[in-house]
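Here's the structure we're looking at; comments come further down.
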């Protein structure tokens, strides 16, 4: 399975040269909006790679450039040794699944799947074989004669997937395909997509703004913001070792708490990575007293919004008993569970700086 190599990709909207230039006029081309800004990454063949980030971060634009649906301002995209930068979408060996399914309402499930194959002039016997196999993979064989209006949202999404599968592509590109589904169905479809990837062993590139989808589905995660890659790695690496404040706060449910220590440094810790109601022996932890402002009941655990000394943080406790709003809460942060960031919001890994920041934080906020 070939890797996908993206080299220095740039997408600028609105930077158009004037057709007529008067003598002596300013010939500078106005800088447009940089939707994707000098992105380089290698996506392993056969992987399930998720592009995640807030709306407008450039993830869908990057996906559409891989698909050939957006013109590339500059840069190069290769699949294996083949440069696909200027190839037509139909010549790239890709299949794309959209957010809105894009099904033909007057066609049956089978006809929707076959339509693209007919246009590609695939022999009839092969079309039937591919369609039968795709229907079987997504579990829709018994629904082949139904029209989209007689299907549930999850079934329509399966038709869209079957249509992509029937093309037998090297690579599947998926642009927020589950965003129109309710929470329960979305969870079920996540599991089905993971199983589909394992069965097909194709390369999946999946776009979402939902970091829970990214964490649960991807082999690799690409976190994007403002047209740039903020971090690339496995879900565990991204969650446990964020490279900057943006990734630390974006990844997690909720994200990492960030508390300023000084003008130079901030300390971050995960809501789950605290000890409740007791300190550490030999003064090894930072013990903080706070007040519960509000809470969320998550069934097996509670998420508390806590205030201390004018700061607010989220804390998660695995408990069957709810603490009262307005009550005091004592929690301990340990050194091994903190991240330190500089004033530019980049991760600091220098042990001396971490020790100094931890000491300053403990001196300022510890209740013991």
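Values quoted throughout were computed directly from the atomic coordinates according to the rules given, and no laboratory measurement underlies them. Remember, it's a predicted structure, so these values are computed and weren't measured experimentally. Note: ideal-geometry Cβ built from the backbone for every residue, glycine included; neighbour counts use all protein chains shown.
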message: Rounding to the nearest 10 and keeping the result within 0 to 90°, find how far the Cα-based axis of helix 183-200 lies from the longest principal axis of the chain.
response: 60 degrees
message: Using only Cα atoms and rounding to the nearest 10 degrees, what angle (0 to 90) does helix 351-365 make with the longest principal axis of the chain?
response: 60 degrees
query: In Å, what is the Rg of the alpha-carbon atoms in the stretch 190-325, and how long is Dmax?
result: 17.9, 54
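With contacts defined as alpha carbon pairs under 8 Å and 6 or more residues apart, what's the relative contact order of the stretch 166-220 in percent? Present the calculation step by step, with values, prior to reporting the outcome.
Working: 35 pairs, mean separation 26.9, N = 55.
Value for the stretch 166-220: 49 percent.
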message: Report the gain in length on full extension from residue 76 to residue 200: 0.36 nm times residue separation, minus Cα-Cα distance, nm rounded to one decimal.
response: 41.9 nm
statement: DSSP beta bridges in the chain: the antiparallel percent, rounded to 5, is 75 percent
- request: Please find the FRET efficiency linking residue 216 to residue 88, where r is the Cβ-Cβ separation and R0 is fixed at 30 Å, and quote it to the nearest 0.05.
  value: 0.30
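What ranking do 125, 48 get, fewest neighbouring Cβ atoms within 10 angstrom at the top? Please report the intermediate quantities before stating the final value.
Details: 125 8, 48 22.
Result, fewest neighbours first: 125, 48.
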statement: For the stretch 254-365, using Cα atoms only, the Rg and Dmax in Å read 14.1, 41
- request: Could you state the angle between the C-alpha long axis of helix 153-166 and the longest principal axis of the C-alpha atoms of the chain, as a value from 0 to 90 degrees rounded to the nearest 10?
  value: 60 degrees
message: Tell me the Kirkwood radius of the stretch 123-252: reciprocal of the mean inverse pair distance over distinct alpha-carbon atoms, in Å.
response: 16.3 Å
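Listing 197, 106 from the residue with the fewest other Cβ atoms within 10 Å to the one with the most, what is the order? Don't skip to the answer; put the middle values down first.
On the way: 197 20, 106 10.
By the 10 Å Cβ count, ascending, the order reads 106, 197.
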- prompt: For the pair residue 1 and residue 275, what calculated FRET efficiency results from E = 1/(1 + (r/R0)^6), where r is the Cβ-Cβ distance and R0 = 45 Å, to the nearest 0.05?
  reply: 0.50
